[in-house]
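Bear in mind these aren't lab numbers, they're just calculated from the coordinates by the rules spelled out. It should be emphasised that the depicted structure is a prediction, and the values quoted were computed from it without experimental measurement. For neighbour counting, all protein chains shown are included, and Cβ atoms are generated from backbone atoms with ideal geometry for every residue, glycine included.
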């Protein structure tokens, strides 16, 4: 099982958007058995995936999972471990308890690793035991970042801390910086030029390796999140430019993770306005 942790110490960089939409992509477009763990008490990812009706809730929430363990598989191909208020108690529980939290998470994932192809862990925007545990459990990590100055500040420190964790978790690999919620404004263009010079090798790129695989700040993305649906699924239109842009990012992220690919699944609207997976489809990914 590939375990991808999504981290950034700044809020507002589109971390939950990237996490949830990549989960939809892995589960539906690549047909992978997908486990999602939300360690952010704001629960944006939990709400999106749960309300989509495309992921089944697990038997335990994420705070209780870290405190007690006990995650069990249900046979569902798309399983969601939802955030809870217990997450807010973890950091102040003390170092001895922290070791137990990490052990509970690692043991639970080890026990179910043969039941899923990928596990995606969304983290809180602060470097504490939740983020550390997620990195210790991961095979890969990715860092979404936008081009606002305050978002760029601290990226170097964040990556340095992740490198420290990799001395303990030797399987941990960096999948890249994903330029997210980008706006074509003069100051962001200038920030991109500086970032490209300083960290070109760290930025997730398109297949040719010459351009970044970035996600623009589009109304279509906000609409998809607000409606708790994959970007490519819309009642009123076929997938457009927004999806093809996001697909480019996900294709290259999947390549960085060496993800397998199975038959895609077809998503339809029910009469009551909910979404459902109906059968396999050979539709264009």
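A few notes on this one:
- Each of residue 93 and residue 223 was given a label point 7 Å from its Cα along the Cα-to-Cβ line. The distance between the two points is 4.2 nm.
- Two-site FRET efficiency, residue 202 against residue 255, from Cβ-Cβ distance with R₀ of 22 Å, rounded to 0.05: 0.90
- Taking every alpha-carbon pair under 8 Å whose residues sit at least 6 apart, the chain reaches a relative contact order of 24 percent.
- Between residue 53 and residue 268, full extension at 0.36 nm per residue minus the direct alpha carbon distance yields a gain of 76.2 nm.
- Fraction of alpha-carbon pairs over 19 Å apart in segment 1-127 - percent: 43 percent
- Burial ranking of peptide ranges 168-178, 23-33 (average Cβ count within 10 Å, highest at the top): 23-33, 168-178
- Taking 10 °C and 1.306 mPa s as conditions, segment 128-285 diffuses translationally at an estimated 89 µm²/s according to Stokes-Einstein applied to its Kirkwood radius (Cα pairs).
- Between residue 210 and residue 42, the contour length at 0.36 nm per residue exceeds the Cα-Cα span by 56.9 nm.
- Residue exposure sequence - 187, 127, 141, 221 - by fewest surrounding Cβ within 10 Å: 187, 127, 221, 141
- Using 0.36 nm per residue and subtracting the Cα-Cα separation, the extra length available between residue 170 and residue 187 on full extension is 2.3 nm.
- Computed over the alpha-carbon pairs of segment 2-280, the distance histogram in 5 Å steps reads 1, 6, 13, 18, 20, 17, 13, 8, 4, 1, 0 percent, short to long.
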